[in-house]
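What follows is a single structure, written as structure tokens, with notes after it.
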Amino acid sequence: MSVTEIFDVRTTTRIETIDITSLVRSAIRKSGIDGGLACVFCPHTTAGLTIQENSDPKVKTDLAEHLGKVVPHDGGYVSTEANSDAHIKSSLIGASLTLIIDAGKPVLGTWQALYFCEFDGPRSRRVMVKVIAG
């Protein structure tokens with residue numbers, strides 16, 4: 001058995017990191033599946049998903065700033081699009097996460113949270129969560 005939930009994420013700036021843990025927990029809860037896996041997928045080429053610390057908000061700032069140093073917006077890219085850096089950052093961060101579900105909840109470490117990473121906003125985005133019993 002599997003259940004898919006889709007939710008929207010609205011970003012307000014070009015680079016943004018949004019905690020989506022509660023949205024993913026809700027999708028898992030709604031599925032009614034007590035044990036298995038959840039695949040969280042971002043169907044966008046200029047955004048991504050990551051698991052990161054949720055205690056210190058400066059971690060999100062560090063992530064964005066240092067990705068910007070590694071892949072700067074004005075990096076002299078061959079592509080004529082003005083968002084080549086966003087495509088590269090998305091590839092580095094990744095488009096999906098796989099979570100273990102136990103007792104109807106995602107298994108996360110004490111300080112972990114799930115984040116949607118915007119690299120070419122502001123935009124309206126979608127995130128898909130497929131919960132698979134197992």
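Based on this model, can you work out whether Pro72 counts as surrounded by 11 or more Cβ atoms within 10 Å (Cβ to Cβ), farther than 26 Å from Glu5 by Cβ and modelled with pLDDT of 95 or more?
The answer is yes for Pro72.
All but one of (1) closer than 19 Å to Val131 by Cα; (2) surrounded by 17 or more Cβ atoms within 10 Å (Cβ to Cβ); (3) touching a helix residue (DSSP H, G or I) at 6+ places or on another chain (Cβ under 7 Å) hold for Val24; which doesn't?
(3)
State whether the residues of segment 83-98 include one that is surrounded by fewer than 12 Cβ atoms within 10 Å (Cβ to Cβ), at pLDDT 95 or above, in contact with a Gly (Cβ under 7 Å, 6 or more places away or on another chain) and acidic (Asp, Glu).
no
Mind checking whether some residue in segment 68-83 is assigned to a helix (DSSP H, G or I), more than 13 Å from Phe119 (Cβ to Cβ) and out of contact with any Lys or Arg (no Cβ under 7 Å at 6 or more places or on another chain)? Before the answer, list the steps.
Our first condition is that a residue be assigned to a helix (DSSP H, G or I); within segment 68-83, this holds for 68-70.
Filter once more, so that each one left must be more than 13 Å from Phe119 (Cβ to Cβ): 69.
Checking which are out of contact with any Lys or Arg (no Cβ under 7 Å at 6 or more places or on another chain) leaves us with 69.
Taking every residue of segment 68-83 in turn, at least one turns out to be assigned to a helix (DSSP H, G or I), more than 13 Å from Phe119 (Cβ to Cβ) and out of contact with any Lys or Arg (no Cβ under 7 Å at 6 or more places or on another chain).
The values are calculated or read from the model by the stated rules, or taken from the named source; none is laboratory data. Just so we're clear, the structure is a prediction, and the values are computed from it rather than from any experiment. Note: ideal-geometry Cβ built from the backbone for every residue, glycine included; neighbour counts use all protein chains shown.
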